[in-house]
Every structure is written in C-alpha cells, then in structure tokens.
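Bear in mind these aren't lab numbers, they're just calculated from the coordinates by the rules spelled out. Values in this document were obtained by computation on a predicted structure and should not be read as measured data. For neighbour counting, all protein chains shown are included, and Cβ atoms are generated from backbone atoms with ideal geometry for every residue, glycine included.
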Amino acid sequence: MLACLGCAQPTVEAVAVWIDVDVEPDGSRAIQIYDGGVRRSVVLEPTIASSSSDLLRLIVAPRGIGFTATAMIDTVYVDLRDGGKGRIDPRAPGIAAELEIDVAYTRHGNGVRRLFADEERNAIVFLPTPAGVREPFVLELPESSTPGRVIQPCRAFDGVQQCLQLLSAAAAPVLFAVELGIGPSPTVDGRIVAWGLPGDDTRGGQAWAEPTRLAVGELRGRDVDPDTSRIEQTWCRHGVCITPDGEAAITMAPDADGDGIVSCELLRWRWDGPREPGEPPEVEVLPLSWQCPTSEDPFLVAALAPDLVVLDDGNHVHLTDLTTGAWVSTPKLGSSTVQMLPAEQGRAMLFVANNGAVSRADATGIRIVSGEHAVCSRLGDPIVSPSGNWVVQSCLGDTSQLPVDFAPIPDFGSTVRISALGLERFDGIPMRALAVDDDGNTLLYSFDADDGDRAPRGLFVLDASGQMVRVDELEPAPRPLMGTGYFSAQPKVR
C-alpha cells in the first residue's frame with residue numbers, strides 16, 4: 001500500500017460528514033465536510049432553548065445532494081448540490097409537537113421523515129431537505145382496511161404488531177405505506193396507499209407541488225420460510241418491492257387454495273394503472289414462467305422495473321421478465337453468504353459473496369462481474385459505486401495471508417476493490433471504506449487494529465491507479481455518531 005503525501009491529492013466524488021469531538025464554551029460544534037475533494041466545515045449553534053449541539057443523527061442524503069443534522073429538538077439542513085454554499089439552513093421543523101429522535105431520508109432523498117413521540121398519533125412528519133420538500137408538513141396515514149383494527153407507523157421495536165410500513169421509490173419522489181399483519185415475519189396484509197411528494201423528479205416526468213394521495217387499496221402477500229442461504233429482505237422490506245420510478249408495489253402471492261403448495265405467482269399493485277374514476281387500482285396476479293422452480297420456492301428480492309423482477313431460491317438468483325416470460329438464472333457464486341447491493345437507483349442489483357465473487361442483474365440480464373476469490377474477514381457491509389461498476393470491501397487479515405517479508409506485522413488490513421477488470425487487493429494498515437465513485441476512487445479512514453472502537457486516525461483516498469494518499473489528519477478527532485459509527489457518507493451521482 002503506497003502513500004504519496006507530496007503528490008497532488010486524488011479526489012473521490014463523494015460526500016462524507018463528521019462532527020468534532022471538541023465543543024466550544026457556547027455549546028457550538030463544527031460539522032466537518034468532505035465534498036468531492038473539497039474540505040470545509042459549518043458550525044452548529046444551539047438556537048432553541050434546551051437544545052444542544054450534541055448530535056443524535058447526522059445523515060448524508062442519497063446521491064450526496066446534502067445532509068441533515070438532527071439534535072433532540074433542532075433539525076438543520078445543508079445543501080451541497082452544484083452551486084450550494086454548504087451553509088446551514090436555520091429553518092426549524094415548525095411542528096408544535098414532540099418528535100422521536102429517529103430520522104431517515106426517503107431512498108430518493110427528497111424528504112426526511114420523523115415520527116411523533118405520541119405513539120397514538122397515526123401520522124408522520126416530513127421536514128424540509130436540500131433537494132425536495134420545501135416546507136414541513138404532516139402526512140396523515142390511512143386507517144386499517146380491517147374494521148376495528150388500529151394501526152400506527154412501524155417503529156424499530158415493532159415486529160409482531162400490525163403497523164404501517166413506509167416504503168419509498170429510489171428514483172422518484174413517491175412514498176408507499178403498507179399494512180403489516182401479525183407474526184415474527186409479518187407480511188403485507190391489508191391497506192396500501194401511495195403518495196406523490198414534492199421534490200426533484202429524476203424521471204423528468206410528473207412532479208408534485210404538494211403531498212398528493214395517488215391511490216389507496218388493499219394488498220395481501222406472503223413471506224418466505226427463514227433460510228440463512230437466502231438474501232436478506234433489506235431492499236424489499238417484508239417481501240414488498242417498490243419499483244425504482246415508484247409506479248408499483250410487487251409482492252409474492254399467498255397460497256390461495258390453502259393446500260400448502262407454493263404458488264409461483266406475484267401480485268402487482270399500480271397506482272397509475274387503468275381503473276375507473278374513484279375506484280381503487282386492481283391487484284394484478286402475475287404467473288411466473290413455467291421455468292419457475294416451485295419446489296425451491298423462489299422469493300422476490302428486487303423489482304428493477306414494473307415488469308422485471310429478481311428472485312432468490314437460496315442457491316440461485318433468477319431474473320424474469322413478467323411481460324415476455326423470459327427467465328434467466330445463475331448459481332450464487334462462492335459458498336458463503338451473499339449480499340445484494342442496489343445500483344443505478346434500484347435499476348440494477350449486485351450480488352457480492354464474502355469471498356469477493358460478484359454478479360449483476362439489470363435490464364440486460366444476469367452476468368458475472370468477477371469470479372476471483374479473496375480471503376476477507378469483512379468490516380461491515382461492502383460498498384458499491386452509483387453505477388454498480390465498482391464494489392469495495394474492507395477486511396481485517398491475518399499474517400498467514402501475507403508474504404514472508406510481512407510476517408512480523410501483527411495485524412493488518414486489506415481493501416479489496418472489485419470490478420469487471422478483476423479483483424485488486426491492497427494490504428497495509430487497517431482501513432474502512434466509506435464511499436466509492438464511478439471511477440473506482442475510494443474514500444477510507446484508518447484505525448488502530450488494537451482499538452476496539454476503531455476510532456478514525458486519518459482520512460485516505462485510494463485512487464483509480466491504486467495509489468493510497470492521506471487527505472486529512474482528522475484533527476480534532478471525530479466524535480461517534482449514534483448508530484452510524486463516526487461518519488455518514490454517500491457517493492455523488494453525476
């Protein structure tokens with residue numbers, strides 16, 4: 001691993017933010033920003049009585065368009081788009097109610113949502129963001145489709161109670177809420193509603209000046225039996241997939257006959273589908289191809305478009321066109337757990353094995369990106385560039401994997417970068433990858449292998465040519481953030 005401190009610094013088209021551990025006597029604290037190679041900072045000053053600069057959340061928006069900083073009471077926004085000054089927007093939420101501390105962006109990045117602390121309030125709050133919602137508003141959620149059933153928004157601790165799960169499109173300002181049933185792995189069972197929200201519409205199509213209910217109806221699907229060989233349902237929560245442009249919600253059809261035989265059918269609910277005025281959209285039943293291996297129970301893990309879906313049966317990944325019936329399958333590479341990473345705003349999926357093998361599914365089919373293997377004790381999840389052309393894994397190694405000349409080193413780290421060009425491995429001091437851009441440039445931070453907290457010691461860039469350069473000494477030291485480590489980072493989409 002080379003270092004070139006005297007050379008011109010390479011850059012990564014990414015945004016990373018962190019906060020200083022130091023606090024000024026007046027309670028203010030600096031938020032540090034890495035923005036495509038430009039280093040700057042903004043100062044967060046408490047502006048409301050009883051508020052504090054002791055941040056609870058610091059989250060970079062999808063596409064690196066800005067970030068949100070949330071304390072117990074304050075919420076502030078920093079716009080980092082082209083021409084943005086990187087200044088704090090001082091607007092307060094403007095909601096006369098206590099909100100929960102948890103905060104999250106939609107996948108599109110057009111809105112930030114928070115829940116009311118009052119668990120009886122069946123509504124969510126959307127706050128202004130750099131590239132979306134301009135004024136705060138309250139979105140009232142629908143009642144259950146089952147008479148007498150009371151439901152509220154799903155919270156982190158929910159799991160066996162009915163609730164409304166919020167799901168958002170990755171490439172359009174469209175939000176869904178689906179009603180979940182009871183059980184350890186609850187599935188969609190009842191109400192479904194779609195809204196159009198204000199914000200930039202990357203489709204170049206319809207945009208909504210204010211929150212607009214697009215349609216409401218009912219949807220009931222099924223879950224899959226737990227199996228550690230299956231891909232985790234992190235993208236399609238509770239088995240419901242939202243298409244990238246937000247046209248439809250798709251889920252697996254339940255066993256209609258009650259005979260326990262798995263049905264190779266999907267259900268699709270489209271708010272923009274043909275229907276009579278005032279009538280809810282019809283739920284379409286979509287039989288899968290005759291090639292669907294019923295005995296293996298292939299389960300929906302992604303919808304790349306309204307008519308293009310990805311399924312997983314534990315051993316294989318399947319891509320099927322619901323219009324033509326075309327069916328393409330590939331075995332999962334490697335013998336270890338496979339993770340699925342979205343790219344191109346959900347229009348492509350990467351399948352990354354622990355051993356470094358990578359395959360990809362998109363509108364052109366399924367193909368192997370790299371079949372090379374590497375020993376890797378992963379540090380967290382791998383990261384992917386916006387286009388999906390680059391995957392980076394951070395690893396901790398052991399000396400048995402090093403050449404003899406390196407044997408005296410007690411602990412080392414490896415950065416594994418994977419693309420269609422092959423697998424590259426960079427061994428040296430332990431590093432953790434934060435973001436990778438579409439040229440393969442990677443932003444990382446170093447840490448001491450003996451430090452259990454893995455506190456950052458320096459910010460580095462691994463450029464496309466394989467050169468590692470320190471770009472920031474990280475002084476003052478970053479302060480840990482609640483639930484997200486020391487940094488929040490996202491690659492920038494050009």
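Quick look at the numbers
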quantity: Positive dipole terminus of region 229-379, leading residue within LEU288, VAL240, PRO331 (C-beta point charges); calculated: PRO331
quantity: Segment ALA363-ALA97, length gained on full extension (0.36 nm per residue, minus Cα span); calculated: 91.2 nm
quantity: Burial order of peptide ranges 272-284, 233-245, 168-180, 368-380 (average beta-carbon count within 10 Å, highest first); calculated: 168-180, 233-245, 368-380, 272-284
quantity: Inter-site label distance for VAL43 and ALA326 at 7 Å from Cα along Cβ, in nm; calculated: 5.9
quantity: Residues whose placed amide H lies under 5 Å from that of CYS154, excluding near-sequence neighbours; calculated: LEU164, GLN165, LEU166
quantity: Inter-part distance where region 342-395 and region 424-494 are each reduced to a Cα centre, Å; calculated: 19
quantity: Formal net charge of residues neighbouring VAL436 (Cβ-Cβ distance under 10 Å; K, R +1; D, E -1); calculated: -3
quantity: Packing-based order for 419-425, 439-445, using average beta carbon neighbours within 10 Å, highest first; calculated: 439-445, 419-425
